[in-house]
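The values are calculated or read from the model by the stated rules, or taken from the named source; none is laboratory data. The structure presented is a predicted model; accordingly, all values stated were derived computationally and were not measured. Cβ coordinates were reconstructed from backbone atoms using ideal geometry, including for glycine residues, and neighbour counts include every protein chain displayed. All accessible areas refer to the heavy atoms of the entire protein, side chains included, with ligands and DNA or RNA removed. Shrake-Rupley method; radii C 1.70, N 1.55, O 1.52, S 1.80 Å.
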Amino acid sequence: MATKSEILQGTLDLMVLKTLDAMGPLHGYGIALRLEQLSDRVLQVNQGTVYASLVRLVQKGWIRAEWGTSENNRSAKYYTITPRGRKQLAAEADDWARISGVIGKLLQLESR
Amino acid sequence: MLGDWIRRVLSRARSALRLHRVDEDFQRELASHLELMTEDNIRRGMEPGEARRQARLRLGGLDQLRETNLELQGLPFIDRLMQDLRYGWRVLRKSPGFTITAVLTMAMGIGANAVVFAAFNAIILRPLSVPRPESLYSIHRTDDLAAQSYPDYIDLRDRNQSFEDLAAYNIVLAGLDTGGNPSRAWGIAASGNYFDVLGVQPLLGRVFHAGEEHGSNSAPYVVLTYSYWHGHFRDDRDVVGRTIQLNKHPFTIIGVTPPEFRGTLLIASPDFFLPMVNQEQVDGSNLLNDRGNRDAIFMALGHLKSGVTPAQAAADVNLIWSDLVKTYPKDHAPAKFALARPSLYGERLGRPMRAFLVGLMLLAVLILLAACANLGSLFAARAADRSREVALRLALGARRLRILRQLFTEALLISVSGGALGLCGALLLLRLLRAWQPFPQWPLNIPFAPDRNVYALAVLLSVASGLLFGAVPVTQVLGADSYEIIKPGSQSRAGRRIPFRDLLLVGQIAMCAVLVTSSLVAVRGLGRSLHSHLGFEPRNTILVNTLLEMAGYGKDQVPDMQKRMVEAMRTIPGVASVGLVDRVPLNGNVGAGLIFADQTSDLRPANATASASVMAVSPEYLQAAGTALLAGRCFSPDDDKDGPRVAIVNQEFARRIFGSEATAVGKYFKQQDGARFQVVGVAEDGKYGNLTEDPEPAMFLPLLQSPASNTWLVVRSFAETQALATAIKSKLAGLDSGLPSFIESWGSAMGLPLFPARMATAALGILGLIGTVLSFVGIFGMAAYSVSKRMKELGIRMALGAQRAQVLEAALGRSLKSLALGSAAGLLFGILISRVLSSVVYQATPRDPLVLGGAAVAMSLVGLLATWIPAQRALSLRPLVLLRED
């Protein structure tokens, strides 16, 4: 994890948070599956990577974890976004939009 | 944001505390992940094996995931602690001299405290190992040792309202024969209810009970202690039911007590227990009906009823006693009783022991403080030496907190390893102490086993000391200005900033001087008591204890056997004189008797003129013991049971009863039983009970008129002790091979009266030595530090033509001033506290030129030696080399 840049970590955390916001409670496998689908397999990372993200988000209090039962009767750990997580997501999403807008413009300017 | 941070730290701390469970939970989560994915894969049509393999591939390396998870969930400051420890270890390893000195200093401080506290814990803090020790009390007379007679005990037992039940016991010495091997053994003769009162259950067999007592010699049972059973019967479980001989009387072994029960007297460990009603068979004392024999009961004890305070119970006992005095005025005088803990024989032994141990504890704490002061100044000096390193780290962005933590880590590393070393030493010493039997003739020994308390104290003290001396350099580091220190050539104000450290050093030297002074006082007192006037001459004399009763001699056979023993001893070559005495002075209890003036007719205790020590002796005893006869004559063989009763009295007796020594010979006095004695001689005064006593009246009676079967042969000879002892043994065996005897030189028997003084002296000596080493290290450290700090200044002074004396003054003046100030203060304080010592060590007085001079010389020597190397270094400075640096 130490070699990965802060930005990538932050990006992954934001994606996990958004997924939980949109889909409701999910287990790690579900989140990883959803991320793969969304990115159309562009993000070629191991599914295990989501767990580091999940630990960080739990520690920050933005999501919480609970053992539950899956649809086909397997026990699995389910993650749920907390109200604080929602607030954080809104703020980060704003930031993201602003920054990506700036970066987009910057890249266009450079390529001109 | 701060809230977030706190939340994160708390969450990490929580999981760090249960990292193991966190890991398990994560493994479960990964397993469920794999299963879910495998099922999906199978649903998509894969083979089960392939499905699992694919799932593993997609998830990633399990071990790596687990490690990452642990790293995220773990506590970052544990990592940093490990870092600090590693760094501290490296730093300390770089200066082994400093590290070894510091660790040893700490080891001495902690070791001394652990040993002293273990003793304190074993003797004062730890309750007796019987059920409900908190309500167990014993009854003690406040005026003398003798307690009650057996009938008194029965009255107290049956009439008191305060005790659940009252037990009593005596200490007896008997020849114990398990089959052809009579040997001396110590026992407890106990009332029938003894074990039931204490609540002690047997390890093997059974114990005796009150219901088995049916008058004199009705219960020939014996219960062995664990240690005797273990030592003499090799843990043979079949001993129960076997018969042994106690002084030729058969007793049946009915049980063995558990190992933790050694009677209720802490300092002694008996070999066996027997019912008190059978005591007559063992030592011939028929006490069951003797109302006047107040020596009959050694101690009465029991549990207080719930809600009864010791004071109430004492009032109860006193009330019964005053009633007994009214009923039996011939036998009893008014007396006061108090309640105390049984383990230390009431306050008589308890108070001095407690005072002694508290004194030792104080000294040990002083030593630890000195060690801390020492290490504090060493650390401060080091911090100053490392100021550049610290400044550099600060300049490179290290936080002050981190640097402080580093310093504390080093301090704790030293204090904890020193503490561990000290504790190991302490445990070793305690093991020796535990096995130690200071007097071969008595069953004395104290269970010094260290317990949880001792370990906890050692750990606590180590950590506290580390924090204490680690804190000394804190202000120095916090106040450091990195730029000032790094500037080339800057010596900053480090050399000037030591008043606090000076103070530490002065305090430490003062503590050392206190210890040196008081140990010198003790040593001198001990020396004096060895040469004090004893009233006998223990050198070149051997004591032989024979208990004829043990060998089955009847009362009428005893005098003849004693005569034959004396004659046999006389035939040994080199023997100058041989005497017999029933109680050797300064060797345990000397009997006492009340003395009445000749004209007194009402012989109640209140009318007695004095109480005198009584010794029954053979005609040649005074000569053999080296006691000078000042007037009159010695006893002769004609002073036997048919002759008129005669006595030899000491000077104090003569003065007190007859007014003067000169007129005593020929006068008469009476004892309580009405017997009238004529004084035929006056002997010199001596010490009888203990070394610190004032002159006491004493009298000698002819053994033939006051027969005793338990006597000591006093054999004076210039022959070599070992050979003499062998000769004595073979002579005795020639007379009667079944006679148990105990042979000891009088010099070594003197270990008993000298014991407290010797213990005090040894303890103080060791502590004094430790204190000296500590202040030596302290002075050395300080002097070396101040020389190295002021090297340049000294160089300039020398270059400018300063004389050697001036250089030394400049370099060492401070240390020497501290030494002088500290020594003076310590000497003064030492003299003040030495007064306490005089209660333990005979004739201990600080008003002694040798003590004062000795302490002063010792302190100067310490100072001289400690400053020698730094002084050499200061004098060998070469200014040019020095000034070229920087």
Handout entry: Residue within segment B:585-596 that is within 38 Å of the chain's Cα centre (by Cα), open to solvent by 50 Å² or more (accessible area, probe 1.4 Å) and at pLDDT below 85 present
Key = yes
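Check A:SER75, A:SER100 and return the single one that is open to solvent by 30 Å² or more (accessible area, probe 1.4 Å) and modelled with pLDDT of 85 or more.
Numbers: A:SER100 fails: modelled with pLDDT of 85 or more.
Of the residues listed, the single one that is open to solvent by 30 Å² or more (accessible area, probe 1.4 Å) and modelled with pLDDT of 85 or more is A:SER75.
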Here the residues within segment B:565-581 that are closer than 16 Å to B:LEU622 by Cβ and either open to solvent by less than 50 Å² (accessible area, probe 1.4 Å) or in contact with a helix residue (DSSP H, G or I) (Cβ under 6 Å, 6 or more places away or on another chain) (or both) are B:VAL566, B:SER577, B:VAL578, B:GLY579, B:LEU580, B:VAL581
| query | Given the structure, is B:ASP685 part of a loop (DSSP other than H, G, I, E, B), open to solvent by 40 Å² or more (accessible area, probe 1.4 Å), more than 28 Å from B:ARG564 (Cα to Cα) and acidic (Asp, Glu)? | reply | no
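For every residue, the table says whether it meets (1) closer than 22 Å to B:SER183 by Cα; (2) aliphatic (A, V, I, L, M); (3) free of Cβ contacts under 8 Å to residues at least 24 places away in the same chain.
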{"residue": "B:ASN540", "(1), (2), (3)": "no, no, no"}
{"residue": "B:LEU548", "(1), (2), (3)": "yes, yes, no"}
{"residue": "B:ALA551", "(1), (2), (3)": "yes, yes, no"}
{"residue": "B:MET565", "(1), (2), (3)": "yes, yes, no"}
{"residue": "B:ALA576", "(1), (2), (3)": "no, yes, no"}
{"residue": "B:LEU580", "(1), (2), (3)": "yes, yes, no"}
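Going through B:GLY801, B:GLY765, B:GLY747, B:GLY734 one at a time, which residue ends up being open to solvent by 20 Å² or more (accessible area, probe 1.4 Å) and on the phi > 0 side of the Ramachandran plot?
Numbers: B:GLY765 fails: on the phi > 0 side of the Ramachandran plot; B:GLY747 fails: on the phi > 0 side of the Ramachandran plot; B:GLY734 fails: on the phi > 0 side of the Ramachandran plot.
B:GLY801 is the lone residue from the list that is open to solvent by 20 Å² or more (accessible area, probe 1.4 Å) and on the phi > 0 side of the Ramachandran plot.
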Going through segment B:115-142 in order, the residues found to be surrounded by fewer than 21 Cβ atoms within 10 Å (Cβ to Cβ) and among the small types (Gly, Ala, Ser) are B:SER129, B:SER135
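Can you name the residue in segment A:49-72 that is within 8 Å of chain B (Cβ to nearest Cβ) and within 13 Å of the chain's Cα centre (by Cα) and is also surrounded by the most Cβ atoms within 10 Å (Cβ to Cβ) among such residues?
Filtering segment A:49-72 for residues within 8 Å of chain B (Cβ to nearest Cβ) gives A:49, A:51-52, A:55-56, A:58-61, A:70, A:72.
If we keep only those that are within 13 Å of the chain's Cα centre (by Cα) too, we end up with A:49, A:51-52, A:55-56, A:58.
On the way: A:THR49: 22, A:TYR51: 26, A:ALA52: 19, A:VAL55: 21, A:ARG56: 19, A:VAL58: 20.
Looking at the filtered set, the residue picked out is A:TYR51.
Taking segment B:662-682, which residues are buried (at least 19 other Cβ atoms within 10 Å of the Cβ) and aliphatic (A, V, I, L, M)?
Scanning segment B:662-682 gives B:ALA664, B:VAL665, B:VAL679, B:VAL680, B:VAL682.
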Among the residues of segment B:692-706, the number that are open to solvent by 10 Å² or more (accessible area, probe 1.4 Å) and under 22 Å from B:SER611 (Cβ atoms) is 8
Going through (1) open to solvent by 30 Å² or more (accessible area, probe 1.4 Å); (2) more than 29 Å from the chain's Cα centre (by Cα); (3) not aromatic (Phe, Trp, Tyr) one by one, B:LEU274 fails only at (1)
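Against the condition within 12 Å of another protein chain (Cβ to nearest Cβ), out of contact with any Phe, Trp or Tyr (no Cβ under 8 Å at 6 or more places or on another chain), at pLDDT below 85 and on the phi > 0 side of the Ramachandran plot, how does A:ASN46 come out, does it pass?
Values: within 12 Å of another protein chain (Cβ to nearest Cβ): yes; out of contact with any Phe, Trp or Tyr (no Cβ under 8 Å at 6 or more places or on another chain): yes; at pLDDT below 85: yes; on the phi > 0 side of the Ramachandran plot: no.
No, not satisfied.
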Those residues of segment B:511-544 which are in a helix (DSSP H, G or I), modelled with pLDDT of 75 or more and open to solvent by 20 Å² or more (accessible area, probe 1.4 Å) amount to B:MET511, B:LEU520, B:VAL523, B:ARG524, B:LEU526, B:GLY527, B:ARG528
Picked from segment A:73-83 (must be assigned to a loop (DSSP other than H, G, I, E, B) and within 11 Å of chain B (Cβ to nearest Cβ)), the residue nearest to the chain's Cα centre (by Cα) is A:ARG74
Note on B:ASP642: of the conditions (1) surrounded by fewer than 19 Cβ atoms within 10 Å (Cβ to Cβ); (2) closer than 19 Å to B:GLY686 by Cα; (3) not polar (S, T, N, Q), unmet is (2)
Turns out the helices (runs of 4 or more DSSP H) fully within segment B:30-114 with at least 3 residues that are surrounded by 13 or more Cβ atoms within 10 Å (Cβ to Cβ) and more than 10 Å from every other protein chain (Cβ to nearest Cβ) are B:48-59, B:76-94
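Does B:ARG656 count as of a type outside the set (Gly, Ala, Ser), open to solvent by 60 Å² or more (accessible area, probe 1.4 Å) and within 24 Å of B:LYS670 (Cβ to Cβ)?
Values: of a type outside the set (Gly, Ala, Ser): yes; open to solvent by 60 Å² or more (accessible area, probe 1.4 Å): yes; within 24 Å of B:LYS670 (Cβ to Cβ): yes.
So B:ARG656 fits the description; yes.
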For segment B:814-829, pairs from a residue that is at positive phi and at pLDDT 85 or above to a residue that is open to solvent by less than 60 Å² (accessible area, probe 1.4 Å) and of a type outside the set (A, V, I, L, M, F, W, C), with Cβ under 6 Å and 6 or more apart or across chains, are none
The condition from (1) crowded, with 17+ Cβ neighbours inside 10 Å; (2) under 59 Å from the mean Cα position of the chain (by Cα); (3) more than 11 Å from every other protein chain (Cβ to nearest Cβ) that B:ASP23 misses is numbered (1)
In the set A:ASP21, A:ASP13, the lone residue that is modelled with pLDDT of 85 or more, open to solvent by less than 30 Å² (accessible area, probe 1.4 Å) and touching a helix residue (DSSP H, G or I) at 6+ places or on another chain (Cβ under 6 Å) is A:ASP13
Flag if B:VAL680 is under 26 Å from B:VAL558 (Cα atoms) and hydrophobic (A, V, I, L, M, F, W, C):
yes
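Suppose we filter segment B:328-357 for residues that are more than 26 Å from B:ALA119 (Cβ to Cβ), in a loop (DSSP other than H, G, I, E, B) and not small (Gly, Ala, Ser); how many remain?
The first filter runs over segment B:328-357 and keeps only residues more than 26 Å from B:ALA119 (Cβ to Cβ), leaving B:328-337.
When the remaining residues are screened for being in a loop (DSSP other than H, G, I, E, B), the result is B:328-336.
Add one more test, that the residue is not small (Gly, Ala, Ser), and what stays is B:328-332, B:334, B:336.
Going through segment B:328-357 one residue at a time, the tally reaches 7.
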Quick count over segment B:785-826, residues being within 26 Å of B:ILE110 (Cα to Cα) and more than 38 Å from the chain's Cα centre (by Cα), is 1
